[in-house]
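Each reported figure results from applying straightforward, stated rules to the coordinates on display, with no laboratory input. Just so it is clear, the model here is predicted, and its values are computed rather than measured. Virtual Cβ from ideal backbone geometry, glycine too; neighbours counted across all protein chains shown.
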Amino acid sequence: MTVALNGEEVAKKITEVFPDSVAAANKVTVVVTSKSLYQVAEFLKNTSGLDFDYLNNLTAVDYIDYFEVIYHLTSLKHNHSLILKTRCYERDRPIVPSVVKIWRTADFQEREVYDLMGITFEGHHNLKRLLLWEGFVGHPLRRDYL
Amino acid sequence: MTLLEQFQLWLATIWPEWAAYITPAIVGIVVVLAFVLLTVIVFIWYERRLLGRFQIRLGPNRLGPEGIFQPIATALKVLLKEDIVPAKGDKLVHWLAPVVVFVPILLIFAVVPFDKGAIFSDLNVGIVYVVAISSVSAVGIYMAGWASNNKYALIAALRTIAQMVSYELPVVLSIIGVVLMVGSLSMSQIVESQNIPFIILQPLGFVIFFLGTVAEMNRCPFDLLEADSEIVAGYHIEYSGMKFAMFYLGEYGHALAYSCIIATLFLGGWQGPLLPPIIWFLIKIVAVFSVIVWMRSTLPRLRVDQLMAFAWKCLLPMAVINLFIVAAEALWLPEALPWIMVVVNFAFASILTLLWSRLFALGGGRVEV
Amino acid sequence: MRFERYGVGVAKGMVVTFKHLFRHPITVQYPEERLVVSRRIRGNELVWFPDRCTGCATCAKSCPQGNIEIVTHIGDEDKYVVDKFEVDTGRCMFCGLCVESCPYEALAMGISYERAQYRRRQLVLSKEELQLSDIRRPSGYARPKIEPTLPRQSLLVDWDREEGGQKLSRLPLSKKRGRGV
Amino acid sequence: MSIKTEPFILNMGPQHPSTHGVFRMRVTLDGEVVVDVEPVIGYLHRGIEKLAEGRTYTQNIPFTDRLDYLASMTNNFAYVLAVEKLAGIGVPERAEYLRIIMAEMMRISSHLMAVGFFLNDLGAMMTPVLYMWREREKLLDLFEMVCGQRLTYNYMRIGGVSHDIPEEFLPALKRFVAEMPKFIDEYDQLLAENEIVLTRTKGVGVLPEDLAINTAASGPVLRASGVKWDIRRADPYSIYDRFDFDIPVGSVGDCYDRYWVRIQEMRQSVRILEQAVAQLPEGEVCAKVFQLLRPPVGEVYGHIEAPKGELGFYLVSDNSIAPYRFHIRPPTLINLTALKEMVIGWKVADLVITFGSIDVCLGEIDR
C-alpha cells in the first residue's frame, strides 16, 4: 500500500533547508511558493528518506483567484506519496518554474498545462502547444473560457 | 529441336520464307503471353485464398465459383481508377517505370521450358539470359521511386538497388553449381539432365537460390521495398490506375517467373512419372508458390542492414563454398555415383548452417548520431 | 544478434500457420449469415412506449449529450401530455443512461443495428418513428422482463466446443435475410 | 572523394499504417538512420476534460469509454474508483468481483491487440493480428453479453456496476479461461522464438531503468525496464490484495522485453480470472447512489493499473453535480516521453516497432 506522507512533517523538513518556501501545508499536501518550487522539487527528489523519483501526474486547476499547479509524487523505493502544490496569482501571465530537468516526464504534461491552462513554465526547453494547433486563441480549460 | 522450330520448318514448305519465319514467333508470343497473364490472374486469386486460410478467414469468395473472378474484378476496378501523376514528379520517368518493370519479367518466359520442346527459344545461354534480364526490373523500381518525388518511394528505391545488387551474387553462384553439374547453360538441357532433381543433389544450393530469389521478387521476409508498416507502400506509393496494375501484375509475374525457374533448375522441370509433363510443371510451380505464400503468412520482415548482412555474411560465403564443393565433385566423382554426392552435400549443408548460425552477427546495432 | 538456433524458431512458427490451414475459418459472411446479437444489445435506435410515458423528462436530463427533446403540456386529469419526443440518433452515443433512468420503463434500447441513413436529418427520430413496430423492437438492456424472451446470443467461445461427442465447428446463426434482425 | 549528404525530414503520419491512429512524427533521417523525432499530437483532441466540467458525475462515465477505446472497461473502473474515493461510497462485494473480472478480461483483450499489432509492425502480414483478434472476439462477445456493447461499454457505475451478469456468462467465461493458456502457448510458438523477431527486437529501442523512472513510464513499459512496480501490488485498489498473481519483469527494457512482459501478463490475468470466478459471491451489484451525486468539497487522485500503464483521474469537487476539474493522466502519452531517446540512432523500421511496442492509443493521448 502506498503511504501518503503527512504534508506537515514534510513541510517541516523543507523549511529546515529552505525557510519561507512553504506557503501552507496540511495532512496530505504541501503548498510551496512558486519561486522556491524548483529547489523544493530538487530537494524532494534527492533527499534520502524522501526520494520522490516518480512524478505520477502534473496538472493545474483554475480557482479563478489563482492557479494551482499540482504535482503528484511517488517514491518507488519507499512506496510513499506526496502531493506538492504551488500557486500563482497573476492571471494575465502566470509563471511557474519548470521541473523538466528534475523529472523528464513533466515535458509533455507541462506543455499540456501551458496549452490548455495558459501557465508558462519557465525553463522548459520546448514550450509549445501540445494538443491544440499553433495560433489557437485562448486556453480552453480556464474557467472563463467559453 | 523445339516445337516452334518444327512448326517453322513445316510452314516453310507451304508459305514464303519470311512468313514462315515470322508466324511461329507471333504464335509463340501469343501463347506465352496468354499463359503468363492467365496464370498470374489465377496466382493472385490463389494467393489471396491461401493467405486467407492461413489466417483462419475465407479470402475472396464472392465473384464466380470460389471467387475465381475476383482478380478480374480487381483489375477492372484498377483500370477505371484515375491516373494520378505527382505534380512535381518526373513525368516521363513516372510513365516509363511500370513498363521497365513489367517487360523484363515477360521476357524471362522466353526461355522457360514448359514441356519437352515447348520452349519459346532454346537459347544456349538460357540461364545467363534469365539472370541478365531479371535484373533490369530493379532499374524500373528505382525509376518509380525516383520519379514519384516522394520520400517513402525514394527510401524504397534505394533499398531496392541495395537488395538487388546483394542478392544477385549468391543467386548466380548457386546457379553456377547447377550449371557445373549439367555442363550446359541451356534451360532444356538443365531439365533433361535431372534424373535426380537437383534439390536432392544440392540442398544448400537450393536453399541459397530459393532465399535469394525470394529476396529478388521482394517477397516476405525480404519485402522491404514495399514494407507497408514502415514506408507505406514503397516505390508504388504514388501510382494508381493502370500503372499500378502494371506493378501489381509485375509482382505476381515475377513470382510466377521465379517459381518456373526454381522448378526448372532444382525440381526437375517438366520431368515426372505418369502425368503429362506440362501437368508436372504446373504442379511444381504451384508448390513453389505455395511455399512462398506460406512464408509470407508467417514471417516478419528483416531490417535493411540485417537484410544486407544476411546476403553478404551468410548467403554469399556459403554459396562460394557450395560452388567449390560442387566443382570438386563434378571433377572427381564418377557420374554413376550420385548418391554419394547426396550424402556429402547434405552433410556439408548442415555443417555450414550450424557454423554460420554460430559465427556471424546479423546487422549492426545503434548508430551514434 | 545471431541466428543462434539456425531456423528452428522460424520452422516452429511455420508449423503453427500450417496447422491453422486446416482449422475452420471463423469468418461469418455477413449479409447472408448473421450472428445473434446479445440480449442486452444497445442497438442503433431507441423504442418509446407512449402509453407508459408520463412526460417526466428524466431521460432527457440524464442524457450526456442532450439529445432527447421533450415538449409537454398539462392535459386533462392534471397529467403531462407529450407533444414532442424527438431523439437525434446521429449524435447519440448509445450509452443507455436514458433507458436506465426511466422510472416507468417507457424507453428501451432497440435491437437493430442496421440503421444507416443517407441524410443526417433522417437520423432524427420523431415520436411516431420511435414507437414499437415490426422492425423496431426493444432489447433487454435494463429491461429484465424483455431479456429472457430474446434468442440466445451466439458466442465465439462455443466455436470448437465438443458437445455430446461431436465437435461443433459452426456458430449458431440466424439465417434471416433482409433488413432488421 | 567525399560525398556531401544531409539529413532530410520525413513526416510520418497522421495517416500512416503503423502510427496506430492519428499520431504524427516529424522524423529527421540520415539515410535510414533516425536522427531526431518530434511527436506531434492533437489530431483526435475532443476536449473531454472541458466537456466533463459541464456534465454530472454519472454522465461522464460514457466519456471515459472514449479515452482508451481498446480498454474502456478499465477507464470506467478508474473513473468510478476516483469518484467513490471522493464521495466516500462503498461498493457491494459482488460488484467488486465483477469489476475485477471485467478489468482483467479487458487487460487480456488490450494486450492481445498490443502484441498483435506489434508483430504486425514487424511485418508479419496480419497473421498474428488475426489470430489474436479471434481471442479478443471471444472476450468482446462476453462484454456484449453483459453490457450490450462491444467497444464502449459504459458498464461501471458509481457504487457498483450497471447490471448483474446473465446466467450464461460464467460458463462461457470458464470455458474461455480454460482454453486461453493453450492459445497463448500457440502465440509463443508462432513468433516468440522466431529468429527474425529476435534479431529485430532484442536490444532495439532500449529504455534504461533510470530513464524509465524519470520519465514516469508505467505499465508494461516500466516493468520491461526492470522495475517491479505494479499498482495492483504497490497500491492495491478495489480487492486486488485478495488475489495471487506474479508481476512479470523484463531485464533490458528493449522491444522484446515489452512484448514478453505483455504475454506473461496475459497469463497472470488468466490466473486472476480463475480465482475471481471461483470466489464470486452472490448479492447486490450496485449501492444506492443518488443520480445527481454531489460529492463533498475536495480533490482526489485515483490511479489504477490499466493495461497500458498508470491511468489516473484527478477530480476536484465543489459540491455541485458536476466536477470542478476533471483531469486524466493518460498513461500512453507519458510513456511516449522517452520515445526520442529510445529510437535515435536506430533505423526507420526500428522506430516503427519501438513505437508499436509502447502500445499507444490515440484516443487517450489526445483526449
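Hey, rough spin-label estimate for B:T23 and A:A4, points 7 angstrom out along Cα→Cβ, what's it come to in nanometres?
In this crude spin-label approximation the distance works out to 9.9 nm.
Got a sec? How would D:V252, C:V8, C:V47 order by Cβ neighbour count within 10 Å, fewest to most?
Fewest-to-most Cβ neighbours within 10 Å comes out as C:V8, D:V252, C:V47.
What's the percent breakdown of Cα-Cα distances in segment D:252-301 across 5 Å bins, shortest bin first?
4, 13, 10, 10, 10, 12, 15, 13, 9, 4
Picking from A:V22, A:V30, A:V61, which is most flexible by a Gaussian network model of chain A using Cα springs under 10 Å?
A:V61
If you build the Cα gyration tensor of segment B:136-220 and take the root of 5 times each eigenvalue, what three semi-axes come out, in whole angstrom, biggest first?
In descending order, the three semi-axes are 33, 12, 9 Å.
Compute the distance in nm between two label points, each set 7 Å from the Cα along the Cα-to-Cβ direction, one at A:L146 and one at D:A234.
4.4
Starting from segment B:220-314, pick out the GluC sites (Glu not before Pro) whose DSSP state is loop and whose Cβ has at most 11 other Cβ atoms within 10 Å.
none
Considering all alpha-carbon pairs of chain B, what whole percent are spaced by more than 41 angstrom? Walk me through the intermediate numbers first.
On the way: 10197 of 67896 pairs.
Value for chain B (Cα pairs over 41 Å): 15 percent.
Using a 10 Å cut-off around each Cβ, can you sort C:R40, D:R258 from fewest to most neighbouring Cβ atoms?
Details: C:R40 27, D:R258 30.
Exposure proxy ranking, most exposed first: C:R40, D:R258.
If you take the beta carbon distance between D:E209 and C:I74 as r and set R0 to 56 Å, what does 1/(1 + (r/R0)^6) give as a FRET efficiency, to the nearest 0.05?
0.20
Can you put D:Y69, D:Y57, D:Y301 in order, fewest other beta carbons within 10 Å first? Before the final figure, lay out each step's value.
Working: D:Y69 15, D:Y57 26, D:Y301 21.
Ascending number of Cβ neighbours within 10 Å: D:Y69, D:Y301, D:Y57.
Label-point separation (nm) for A:D20 and B:I84, each offset 7 Å from Cα along Cα-to-Cβ?
Taking the simple label geometry, A:D20 and B:I84 are separated by 6.5 nm.
With the alpha-carbon atoms as the only input, what is the per residue convex hull volume for segment C:59-115 in Å³?
100
In Å, what Kirkwood hydrodynamic radius results for chain D from the alpha-carbon pair distances?
21.1
Consider all pairwise Cα distances in segment C:6-68 and report the whole-number % of them above 15 Å.
76
Quick one: what does P(r) look like for segment C:24-149 with 10 Å bins over all Cα pairs, in whole %?
Computed distribution, short to long bins: 12, 42, 30, 11, 3, 1, 0.
Provide the net charge surrounding C:D88, with neighbours chosen by a C-beta distance below 15 Å and charges set as Lys +1, Arg +1, Asp -1, Glu -1.
+3
Given springs between every Cα pair under 10 Å in a Gaussian network model of chain B, which of B:I231, B:I285, B:I105 has the largest fluctuation?
B:I231
Using the alpha-carbon centroid of each, what span in Å lies between segment D:298-367 and segment A:38-79?
The distance from the Cα centre of segment D:298-367 to that of segment A:38-79 comes to 18 Å.
How big is Rg to Rh over segment A:1-117, alpha-carbon atoms, Rh as the Kirkwood inverse-mean-distance radius?
On the way: Rg = 13.4 Å, Rh = 14.2 Å.
When Rh is taken as the Kirkwood radius, the ratio is 0.94.
Before rounding to the nearest 500, sum -39500 (n - 2.57) across all DSSP H runs of length at least 4 in chain B and divide by the residue total; then give [θ] at 222 nm in deg cm²/dmol.
When only DSSP H runs of four or more count, the value is -22500 deg cm²/dmol.
Counting only other residues whose beta carbon sits under 13 Å from that of D:I213, what net charge do I get with K and R as +1, D and E as -1? Show your work: numbers first, answer last.
Working: positive: A:K45, A:K77, A:R104, D:R223, D:K228; negative: A:D51, A:D53, D:E209, D:D210, D:E310.
Charge balance near D:I213 sits at 0.
Run the numbers for B:V103 and B:S193: contour at 0.36 nm per residue of separation, minus the present Cα-Cα distance, in nm.
Numbers: separation 90, 0.36 × 90 = 32.40 nm, distance 3.02 nm.
Computed gain between B:V103 and B:S193 is 29.4 nm.
Calculate the tail of P(r) for segment D:43-183: the fraction of all Cα-Cα distances greater than 26 Å, expressed in %.
On the way: 2990 of 9870 pairs.
The answer is 30 percent, as a whole percent.
Using the Kirkwood radius over C-alpha pairs as Rh, can you work out the diffusion coefficient of segment B:1-80 via Stokes-Einstein at 37 °C, viscosity 0.692 mPa s, in µm² per second? List each step's numbers first, then the result.
Details: Rh = 15.4 Å.
D = 213 µm²/s.
What stretch of chain A, leaving out the sites themselves, is the longest with no GluC sites (Glu not before Pro) in a DSSP loop having at most 16 other Cβ atoms within 10 Å?
Counting only loop sites that pass the neighbour cut-off, the longest clear stretch is A:1-89.
In a Debye calculation with equal point scatterers on the alpha-carbon sites of the protein assembly as shown and no solvent, what is log10 I(q)/I(0) at q = 0.05 Å⁻¹?
-0.39
For segment D:245-293 and segment B:84-141, what is the centre-to-centre distance using only Cα atoms, to the nearest Å?
That distance is 57 Å.
Can you work out the FRET efficiency for the pair B:A12 and D:S2, with r the C-beta to C-beta distance and R0 = 60 Å, to the nearest 0.05?
Values: r = 64 Å, r/R0 = 1.06.
It comes to 0.40.
Can you list residues whose amide H is under 5 Å from C:Q131's amide H, if they're 5+ apart or on another chain and H is modeled 1.01 Å from N?
C:W48
Along segment D:17-23, what does the Karplus equation 6.51 cos²θ - 1.76 cosθ + 1.60 (θ = phi - 60°) give for ³J(HN,Hα), rounded to whole Hz, x for Gly and Pro?
For segment D:17-23, the Karplus curve yields x, 10, 9, 6, x, 10, 7 Hz.
Any idea how far the Cα center of segment D:130-207 sits from the one of segment C:94-152, in Å?
Their Cα centres are 29 Å away from one another.
³J(HN,Hα) across segment D:87-93 via Karplus (A = 6.51, B = -1.76, C = 1.60, θ = phi - 60°), whole Hz, x for Gly/Pro?
So the J values, rounded to whole Hz, are 9, x, 9, x, 10, x, 4.
For an R0 of 30 angstrom, estimate the FRET efficiency from the Cβ-Cβ distance between A:R129 and B:N149 and round to the nearest 0.05.
My answer for the efficiency is 0.45.
Counting only other chains, and only Cβ atoms inside 10 Å, what mean value do you get across the residues of D:46-58? Don't jump to the answer; show the numbers that get you there.
On the way: counts 1, 5, 0, 6, 5, 2, 1, 2, 1, 4, 4, 0, 6.
Mean shielding count: 3.
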